[in-house]
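Q: Have a look at this one.
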Amino acid sequence: MAEEKIDVNYVAHLARLELSADEVALFSRQLDDILGYVRQLEQLDVENIEPMAHATPVYDVMREDHARLSSGTESALANAPERNSDQFRVTRVVDS
């Protein structure tokens, strides 16, 4: 396989980033190191290893859903800076 290099200036341009020459040199070295580790991983024999999504088993833990009393509207609104008809009043964030 041919030696792969990542063009840091091109990627920075796509990401709309302005990098100094020192940053380009630093990132180039860091990316070369990462690609070196990937090349090491490519050398491993994984022929008899079953593919998996997670390193450890993932279990869906469910608990019973029990109804219980809430603290009530008055308690929930006790510290509200502004309220209107038993509701929190907030600043409009969506223009219509």
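Q: What pairs come out if I take residues in segment 68-94 that are of a type in the set (Asp, Glu) and pair them with residues that are assigned to a helix (DSSP H, G or I) and modelled with pLDDT under 90 whose C-beta lies under 7 Å away, six or more apart or interchain?
A: Qualifying pairs under 7 Å: 86/73.
Q: Still on this structure, I have one more. Out of all the residues in segment 49-70, is one or more at positive phi and under 29 Å from the mean Cα position of the chain (by Cα)?
A: There is no residue in segment 49-70 that is at positive phi and under 29 Å from the mean Cα position of the chain (by Cα).
Q: Scan (1) surrounded by 11 or more Cβ atoms within 10 Å (Cβ to Cβ); (2) out of contact with any helix residue (DSSP H, G or I) (no Cβ under 8 Å at 6 or more places or on another chain) for the single condition residue 21 breaks and write down its number.
A: Answer for residue 21: the failing condition is (1).
Q: Here is a follow-up. Within segment 73-80, does at least one residue satisfy the condition of being surrounded by 10 or more Cβ atoms within 10 Å (Cβ to Cβ), in contact with a strand residue (DSSP E or B) (Cβ under 8 Å, 6 or more places away or on another chain), not in a loop (DSSP other than H, G, I, E, B) and not polar (S, T, N, Q)?
A: Within segment 73-80, one or more residues are surrounded by 10 or more Cβ atoms within 10 Å (Cβ to Cβ), in contact with a strand residue (DSSP E or B) (Cβ under 8 Å, 6 or more places away or on another chain), not in a loop (DSSP other than H, G, I, E, B) and not polar (S, T, N, Q).
Q: Quick test of your reading of the structure: residue 37 fulfils all but one of (1) under 30 Å from the mean Cα position of the chain (by Cα); (2) outside any helix (DSSP H, G or I). Name the failing condition by number.
A: (2)
Q: Can I ask one more? Within segment 1-33, take every residue that is of a type in the set (Gly, Ala, Ser) and in a loop (DSSP other than H, G, I, E, B) and give me the one that is nearest to the chain's Cα centre (by Cα).
A: 15
The values are calculated or read from the model by the stated rules, or taken from the named source; none is laboratory data. In this text the structure is predicted, and so the values were computed from the model without any measurement. As a convention, Cβ positions derive from the backbone with ideal geometry for all residues, glycine included, and neighbour counts pool all protein chains shown.
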